[in-house]
Amino acid sequence: MPTLAIKTIGGKQAGEVTASERVFAARVNIPLMHQAVKAEMENRRQDTRNAPGRGDMFGGGRKPFKQKGTGRARQGSIIAPHWRKGGAAHGPHPRDLGHALPRKMKRLAIWSALTAKLNDAELIVVEAFPMESISTKAAASFLKEVTGGARKSLVIIEGEDETVIKSLRNIEGITLRVAPAFSTRDVVNGGIIVATKAAIRKIDSVWAGEVTENA
């Protein structure tokens, strides 16, 4: 089973935590990770294109002129598509651009991303955030020490700790998530991952018993 070192200020080691092989020693599947990130980005898209059709127009309830005797082609409504300012024929309308990804594939992609981060030494575990009160300055200083001054970090905590959340949420380059509510995209684009010891154990307790590739 993979063993993660617990870091303290200055990058010193202060113990270890054992993680699940299923989550932190999975097979790194880059195409699956790409598919999961792409699906998440597609699901965030909103299709705002909309051309009003004939049924969306107001007016046109009567014939513009009589049927016979004018020498002109018969017309039934001024909102027909071939009239100026009439409704569009076969125009675009909002549609669902989302891409559904099975839960099993989502989990395998996240495990793959976490394993890749661990293999690249970009996963740091801390005992906890030493925050007695809300302080953005203290939180930024602590992260700078444990990450070596990384410009971008994904911070994963174990619960809704108001002190930690309010201390971290305004730091530039920091993405904050509560375990296990994070995605493959968060991990891939998060830079250095900083997770608390309790968050690692929570991730294991939630995900370690789920289906594997051979299930």
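The values are calculated or read from the model by the stated rules, or taken from the named source; none is laboratory data. All values derive from a computational prediction rather than experimental measurement. Cβ sites come from the backbone with ideal geometry, for glycine too, and all protein chains shown count toward neighbours.
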Across segment 1-40, what is the total count of residues that are in contact with a Ser or Thr (Cβ under 7 Å, 6 or more places away or on another chain) and under 27 Å from Phe129 (Cα atoms)? 8
Looking at Glu162, is it exposed (fewer than 13 other Cβ atoms within 10 Å of the Cβ) and assigned by TED's automatic domain parsing to the domain that holds Ile110? yes
Looking for whichever is under 27 Å from Ile193 (Cβ atoms) and small (Gly, Ala, Ser) here; the options are Ala80, Ala36. Which one fits? Ala36
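Matching residues to (1) at pLDDT 90 or above; (2) outside the structural domain of Arg107 (by TED's automatic domain parsing); (3) closer than 24 Å to Lys106 by Cα; (4) of a type in the set (Phe, Trp, Tyr):
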| position | (1), (2), (3), (4) |
| --- | --- |
| Thr8 | no, no, no, no |
| Glu16 | no, no, no, no |
| Leu32 | yes, no, yes, no |
| Ala39 | yes, no, yes, no |
| Gly61 | no, yes, no, no |
| Lys66 | yes, yes, no, no |
| Gly71 | yes, yes, no, no |
Out of curiosity, is Leu154 in the same structural domain as Pro31 (by TED's automatic domain parsing), buried (at least 21 other Cβ atoms within 10 Å of the Cβ) and either of a type in the set (Val, Ile, Thr) or under 19 Å from Ser205 (Cβ atoms) (or both)? no
Here are Ala121, Ala116, Ala138: which of them is under 22 Å from Thr163 (Cβ atoms) and hydrophobic (A, V, I, L, M, F, W, C)? Ala138
Could you tell me whether any residue of segment 19-28 is surrounded by 11 or more Cβ atoms within 10 Å (Cβ to Cβ), assigned to a loop (DSSP other than H, G, I, E, B), under 22 Å from the mean Cα position of the chain (by Cα) and at pLDDT below 90? no
Of the residues that sit in segment 43-71 and are surrounded by 13 or more Cβ atoms within 10 Å (Cβ to Cβ) and outside any loop (DSSP other than H, G, I, E, B), which one is farthest from the chain's Cα centre (by Cα)? Arg54
Looking at segment 165-180, which of the residues that are out of contact with any strand residue (DSSP E or B) (no Cβ under 9 Å at 6 or more places or on another chain) and closer than 18 Å to Arg151 by Cβ is surrounded by the most Cβ atoms within 10 Å (Cβ to Cβ)? Asn170
Exception for Phe24 within (1) touching a Leu at 6+ places or on another chain (Cβ under 9 Å); (2) over 18 Å from Gly190 (Cα atoms); (3) of a type in the set (A, V, I, L, M, F, W, C) falls at (2)
